[in-house]
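Throughout, read-outs are computed from the coordinates displayed, never taken from laboratory work. Given the structure is predicted, the values throughout are model-derived calculations rather than measurements. Cβ placement follows ideal geometry from the backbone for every residue including glycine, while neighbour counts extend to all protein chains displayed.
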Amino acid sequence: MPADDDVRRLAVRSWIAEHPKPSGAVLAAAGYVAPHWPRPWGLDADPIEQLIIDDELSSAGVRRPTNPIGIGWAGPTLLYAGTDAQKDRYLGPMLSGEEFWCQLFSEPNSGSDLASLATTAVRDGDEFVVNGQKIWTSGAQYAKFGILIARTDSTVAKHRGISYFICPMRVPGIEIRTITEMTGGHTFNEVFFTDVRIPAENLVGELGDGWRLAKVTLGNERVSLSTGGVLWGSGPTALQMLEAVRENGPVADPMMRQRLAGIYTEHVVLDLIRLRTLSAKLRGEQPGPEASIRKILADEHGQHVMAAARDLLGASGMLTGAHGLKPFVPGTDAKGLGPGRPPSDLEDPGWYDGYMFSMALTIGGGTGEVQRNIVAERVLGLPGDTR
């Protein structure tokens, strides 16, 4: 990393000194929310400059707006295929966190085979009329807009008859039903469309080009340049859990000591893979198979961290949280270590909620089994599944 007196660091520090508690809008105007985006929304920052900005904002306790699907997936797709009018209308409020976004892709009968989706969008003058159902829509109950793929032509191959839309979430005909998880929270939702009218100007790209744009969206699941929490980037880190153990130890059980050593080893390996990915980006290369491998390892690592925290507390750990009143949306809630609690407090309710939520890590975003198939076939060259 660049030295402490690097001119780029000093520039960020000077800006923070002038804006010690910046709002999301102020951060977005400075280009610090997504510095890798092109100007005027970002800074065209290279990976090193991104890391410097991340490091300095973190050191100053400055938090960016939380809008993971908007900034991570919808925004890059609009930058790639959106009209100038769409970029001008949506990117600013997206970066500032004023307008939260969700993703309307999966359906009850179209999970792994997403291209078989049944939701339709039929042209009617200057509008499209949408009917169908989506499921596992994270944060739909908070979202002002969603990225929607729907079938606009049923006479062609399934991959070719799909189009991509910006969908307003507070219009007549949309019904959102929360799904209660075993944490007691409501991350996911079912979304029903009954004659929902979307302006034709909300079509992104060309009619029938939605499958290609959906792949662009999914390809922008950002490779994190920071360690982040163990719940898909949210919540506590392994090091926070281990620090809590040190402050409350010693651990007398040799089996538990071995588990904790294993968790620390996993953390180091994942950090090395992250640095390997970063090194590739600095060389101008796209992330390789290490990105898929890191997802497999990181999901299981999160489960290991949360299970160890639960076991360290014993039965009392199952009684300290999960009141069900605070929903958990990945990237929008600080799960794990609640406000007003010392970092060493393993009895924080967030650890309980984090343990319950961690069961979903190896399912969401592509199951561990599917990820292993991808690595086996595309990295190791093993035969594909029997079709």
Review point. Ile162's amide H: which non-local residues (gap 5+, or another chain) put their own amide H closer than 5 Å, with H modeled 1.01 Å from N in plane and none for Pro or chain starts?
Key: Thr152, Gly210, Trp211
**Study point:** In Hz, Karplus ³J(HN,Hα) per residue of the stretch 153-160 (6.51, -1.76, 1.60; θ = phi - 60°; x = Gly, Pro)
**Key:** 8, 8, 9, 10, 4, 4, 6, 9
Review point. Which peptide among 268-278, 139-149 comes first, and what is the full order, when sorted by highest mean count of other Cβ atoms within 10 Å?
Key: 139-149, 268-278
Check your understanding: Quick one: Cys102, Cys167, fewest Cβ neighbours within 10 Å first, how do they rank?
Key -> Cys167, Cys102
Check your understanding: If you add up the charges near Met1, with Lys and Arg at +1 and Asp and Glu at -1, over every other residue whose beta carbon is less than 12 angstrom from its beta carbon, what do you get?
Key -> -4
Practice item. Using θ = phi - 60° and the Karplus relation 6.51 cos²θ - 1.76 cosθ + 1.60, list the HN-Hα couplings for the stretch 138-143 in order, rounded to whole Hz, with x at every Gly or Pro. Key: 5, x, 4, 5, 9, 6
Review point. How many angstrom lie between the C-alpha centres of the stretch 67-115 and the stretch 126-162?
Key: 12 Å
Review point. Between Ile135 and residues 5 or more places away or on another chain, which pairs have amide H atoms under 5 Å apart, with H built 1.01 Å from N, and which residues are they?
Key: Ser106, Glu107, Val191
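Using the Cα centre of the stretch 99-208 as the reference point, and only Cβ charges (+1 on K/R, -1 on D/E), how large is the resulting charge dipole? Debye, rounded to the nearest 20.
120 debye
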**Study point:** Whole-number Å³ per residue for the convex hull built on Cα positions in the stretch 1-158
**Key:** 146 Å³
Exercise for review: Would you mind checking which residues have amide H under 5 Å from Phe128's amide H? H placed 1.01 Å from N; only 5 or more apart, or other chain.
Suggested key: Ile198, Ala200
